[in-house]
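FYI, it's all coordinate maths here, none of it is from the lab. This is a predicted model, so every value here is computed, not measured. Ideal geometry is used to build each Cβ from the backbone, glycine not excepted, and the neighbour counts take in all protein chains shown.
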Protein chains: 2
Amino acid sequence: MTDFDLKDYLSERKMRVDAALDGYFPSVDGLQKKVVEAARYSLFAGGKRLRPILCLAAAEAVNGDWEAAMPVACALEMVHTYSLIHDDLPAMDDDDYRRGKLTNHKVFGEAMAILAGDALMSEAFTLMAGNGAEGVRAESLLRVVGLVARASGFRGMIGGQVIDLDCEKCDADLATVEYMHIHKTGHLISASLEAGGLLGGGTAEQVKALTSYGHHLGLAFQITDDLLDVEGDPRQMGKQPGSDVARNKKTYPALLGIQQAREAARERVNGALQALGDFPGEAIRPLEEIARYLLIRKG
Amino acid sequence: MTDFDLKDYLSERKMRVDAALDGYFPSVDGLQKKVVEAARYSLFAGGKRLRPILCLAAAEAVNGDWEAAMPVACALEMVHTYSLIHDDLPAMDDDDYRRGKLTNHKVFGEAMAILAGDALMSEAFTLMAGNGAEGVRAESLLRVVGLVARASGFRGMIGGQVIDLDCEKCDADLATVEYMHIHKTGHLISASLEAGGLLGGGTAEQVKALTSYGHHLGLAFQITDDLLDVEGDPRQMGKQPGSDVARNKKTYPALLGIQQAREAARERVNGALQALGDFPGEAIRPLEEIARYLLIRKG
């Protein structure tokens, strides 16, 4: 195998995604200027672009043209950003900061934050439906639109958020917390991989394997996120650790203890790697390295 | 021409749409029960089903199979309902009642109302993408998804809502108010007709004519809505007239005077009818009668 530098890979892909997002959702003049500005504020507030990068890497993993997946990759980031804006609202988690920056409603007001989130959701579907790349069949794109819609609705992200709101008051066990994470963040991550696989022209079996990788990866990501809140270095995380404990949040370390939570993360990373078992070598290198990286992440 | 009873037509179609909506978005058990219940509360809170009925009538107008347009017709109602839930929120118009019933956030709380709206939006796209009827090409369905997404985003509905929020404080003139209505409600109404025309297999010219009909009809609907608030009978409207005046809302009668507002409505209805000029007789009867009805509506 050739050398592979994950850091370079991620930063190059992030740059490409950032540029594409800027092109797909530019500033506008006129009476809609403010809502687009508000949406762009959160869209460019320092996201890691995990979902788009996974989508592009999935297209690559099936030897597809990853650039053809760029509109859908960007749409996934828009859906993710919309969910963060709405989650931060006073009626929801009431957060003033995210990634060290003021949240959308703190800058633009509550009404504009709701509408900026709504606008991002519409724009995601406008972008997906309106940008059929050459070689991508309308049937595949329609299937992708459907799976992203499904992953973001009450069967996925919104469903998870409802459970999360309920859990603040309840005495949730591990199974409920895991069910919540699978819905709140897991389904959209799996959808990113499934979409990339479909757009890259993967076989049904390959797409299934990628979706399974996404399922494991999403949970590994959540567990290591929870662990960082206990053990992380604030300089590398861009936020203070300990906020989960302060909120009495039901985290993996709180429910399992630190050692067992680390073990659970390892198991999920192994599950993700095993799902990719039948893929040929080089093309899945990025997905493998992303999964392995979760076990040593510092931020 | 044969006899045509608009009242019967509308009530039969409304019944069909109601039944389809109930089937496409049924109650669920489990942890997502509450958000689905909240979404269904507003979905079945007495809407006239104008957008779905127009969509089905447009498919009919091009001699298409109107039943094949039902999933998209229902999705349009979901998008419309989501916009009403978010518009009523305390951070927006802060309304306690809509169509004589408590608004969503008054019954389910603010967080759940935001999420119920979000869930309806996702469900609309899940429904459209997942229900390609026989005889409807994936390319057409994808185009419909794109135009509904566009009409609901910052270029359409959300854009109009942003202007509406701004206008509460500003000294808007007729041009700005009309621009706001075209965006806030007009584009989704036009989209309903365009979608129906496309799904029914209409020619490019027919689809363009239907879209133009929708543009005029949307404005005629708004003007007559404003007039009802001044002249209407509360028993037939299901709400008290005079609420626009009380809010100092910039309405057509307020900007033009009652006589000129009536004239403007007549002009828009004529514009709608003229747009349909080249269509063959019987198939466009429902669209014609709907447009004419606006001039004599009492609620």
Shortest first, in nm, what separates the label point of B:Asp3 from those of the same position in the other copies (7 Å along Cα→Cβ)?
8.7
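Given B:Lys106/B:Lys250; B:Lys34/B:Lys101; A:Lys34/A:Lys101; A:Lys33/A:Lys106; B:Lys48/B:Lys249, which pairs have Cα atoms separated by over 21 Å? List each step's numbers first, then the result.
Working: B:Lys106/B:Lys250 26 Å; B:Lys34/B:Lys101 19 Å; A:Lys34/A:Lys101 19 Å; A:Lys33/A:Lys106 18 Å; B:Lys48/B:Lys249 23 Å.
Beyond 21 Å: B:Lys106/B:Lys250; B:Lys48/B:Lys249.
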What is the minimum Cβ-to-axis distance for chain A, in whole Å, where the axis maps A onto B, and to which residue does it belong?
A:Ala138, 2
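Quickly rank A:62-69, A:5-12, B:92-99 as a protection proxy: mean count of other C-beta atoms within 10 Å, highest first.
On the way: A:62-69: 20.2, A:5-12: 12.6, B:92-99: 15.4.
Descending mean neighbour count gives A:62-69, B:92-99, A:5-12.
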Quick calc, chain A, dipole around Cα centre from Cβ unit charges on Lys, Arg (+) and Asp, Glu (-), nearest 20 debye, gives 220 debye
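Using Cα pairs under 8 angstrom and six or more residues apart, how large is the relative contact order of the range A:6-296, in percent? Walk me through the intermediate numbers first.
On the way: 411 pairs, mean separation 59.0, N = 291.
Rounded, it is 20 percent for the range A:6-296.
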Hey, if you put +1 on the Cβ of every Lys and Arg and -1 on every Asp and Glu Cβ in the protein assembly as shown, which of B:Ile290, A:Leu193, A:Ala119 ends up farthest toward the positive end of that dipole?
A:Ala119
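With a/c under 1.5 counting as rounded, go ahead and sort the protein assembly as shown into rounded, prolate or oblate using the C-alpha gyration tensor (a ≥ b ≥ c being the square roots of the eigenvalues; past the cut-off, prolate if a/b is larger than b/c, else oblate).
Cα axes put the protein assembly as shown in the prolate bin.
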So which aspartates and glutamates pass the test for A:Lys208, namely a Cα distance under 20 Å, with those fewer than 8 places away in the same chain ruled out?
A:Glu60, A:Asp65, A:Glu139, A:Glu194, A:Glu267, A:Asp278, A:Glu282, A:Glu288, A:Glu289
Dipole of the range B:6-293, positive direction: furthest Cα of B:Ser11, B:Ser27, B:Val72, with charges on the beta-carbon
B:Ser27
I need the inter-copy label distances for B:Asp29: point set 7 Å along Cα to C-beta, values in nm with one decimal, smallest first.
5.9
Counting partner chain Cβ atoms within 10 Å of every residue's Cβ in A:32-38, what's the average?
5
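I need the peptides B:71-79, A:144-152, A:191-199 ranked by packing, meaning the mean over residues of other C-beta atoms within 10 angstrom, with the highest value on top. Let's see the in-between values first.
Values: B:71-79: 27.9, A:144-152: 25.8, A:191-199: 29.9.
The packing order, highest mean first, is A:191-199, B:71-79, A:144-152.
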FRET efficiency (A:Asp171, A:Gln259; Cβ distance; R0 22 Å; to 0.05) is 0.45
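Does the range B:6-293 classify as rounded, prolate or oblate by the C-alpha gyration tensor (a ≥ b ≥ c root eigenvalues; a/c under 1.5 gives rounded; else a/b over b/c gives prolate, otherwise oblate)? List each step's numbers first, then the result.
Numbers: a/c = 1.63, a/b = 1.05, b/c = 1.55.
Here the range B:6-293 falls in the oblate category.
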Other copies of B:Lys106: label-to-label distances in nm, shortest first, labels 7 Å along the beta-carbon direction
3.4
